[in-house]
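Participant: Here's a structure for you.
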Amino acid sequence: MTSNEAEKTIESASTNTKDTPLRSIIETPLSDSLVNEIFHQQNSDGSYPATETFGELFNVDFEQIKQELKEKGLDSSVSDEIHRLISTASILFYFLYHSQKTKFPVDIDGIKQFVSKARSELEGFSLKDDPIMQTYVDKGELAVKFVIDTREKYANLCNDLKLAQTSWESYIQHLMGLDKQA
């Protein structure tokens with residue numbers, strides 16, 4: 001490889017990282033310890049913090065996204081909620097991606113269907129016998145509720161900020177590189 005080719009490869013990789021700063025989330029292997037840590041960091045409203053500590057689980061720096069949204073005019077009065085929407089939806093897409101039953105990109109109805117399908121499948125396993133699994137299902141449903149409610153509350157904000165994507169789920173899937181999966 002010539003030095004010119006190497007420079008183009010490095011430039012392409014950094015462009016991809018800048019364009020899809022959350023890609024490393026889907027590249028992180030699913031493990032029991034990671035699932036435990038994910039649910040340990042969940043807020044009581046079902047959301048996940050877009051913090052450095054949470055980002056370290058997936059080798060993600062949420063600051064780049066926060067800065068870009070701020071530059072586009074995201075009002076500081078709603079920024080924390082939007083940042084939590086992004087990190088929470090990212091976790092849901094992570095689980096959907098690793099379930100290997102989902103074709104991306106997905107819309108909000110796809111997320112709702114996945115959750116109801118998961119609940120139906122798990123009810124056959126008698127969740128009462130496994131309190132940890134019951135807790136995870138409940139926390140997952142709480143995260144979905146947060147994403148749906150927050151997405152609906154700020155649905156017009158994608159257009160107001162002049163984001164290339166017209167919905168939060170499209171924007172977040174783009175940040176993760178999932179919009180290129182179809």
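The values are calculated or read from the model by the stated rules, or taken from the named source; none is laboratory data. Keep in mind that what you see is a predicted model, and the values were worked out from it rather than measured. Neighbour counts are summed over all protein chains in view; Cβ atoms, including those assigned to glycine, are modelled from backbone coordinates with ideal geometry. Calculation scope for accessible area: heavy atoms of the full protein, side chains included, ligands and nucleic acids excluded. Shrake-Rupley method; radii C 1.70, N 1.55, O 1.52, S 1.80 Å.
Participant: For Phe58, which sequence-distant residues (separation of 5 or more, or a different chain) have an amide H within less than 5 Å of its own amide H, given hydrogens modelled in the peptide plane?
Facilitator: Placed amide hydrogens put nothing under 5 Å from Phe58.
Participant: At Glu63 and Lys153, where each label point lies 7 Å from the Cα along Cα→Cβ, what is the point-to-point distance in nanometres?
Facilitator: 2.7
Participant: Arranged from highest to lowest average of other beta-carbon atoms within 10 Å per residue, in what order do the peptides 23-34, 42-53 appear?
Facilitator: So the peptides 23-34, 42-53, ranked by packing, come out 42-53, 23-34.
Participant: Shifting gears a bit: Using the beta-carbon distance between Lys112 and Glu37 and R0 = 22 Å, what value does 1/(1 + (r/R0)^6) give for FRET efficiency, to the nearest 0.05?
Facilitator: 0.25
Participant: What list of ³J(HN,Hα) values in whole Hz, one per residue of the stretch 71-85 in order, does the Karplus curve 6.51 cos²θ - 1.76 cosθ + 1.60 (θ = phi - 60°) give from phi, with Gly and Pro shown as x?
Facilitator: These are the phi-based 3J(HN,Hα) values: 5, 7, x, 4, 5, 5, 6, 10, 4, 4, 5, 5, 4, 5, 4 Hz.
Participant: Moving to a separate point now. Over the stretch 138-182, give the accessible area per residue in Å² for a 1.4 Å probe, as an integer.
Facilitator: On a per-residue basis, 48 Å².
Participant: Would you mind working out the accessible area per residue for the stretch 18-76, using a 1.4 Å probe, and quoting it in Å²?
Facilitator: So the stretch 18-76 comes to 55 Å² accessible per residue, rounded to a whole number.
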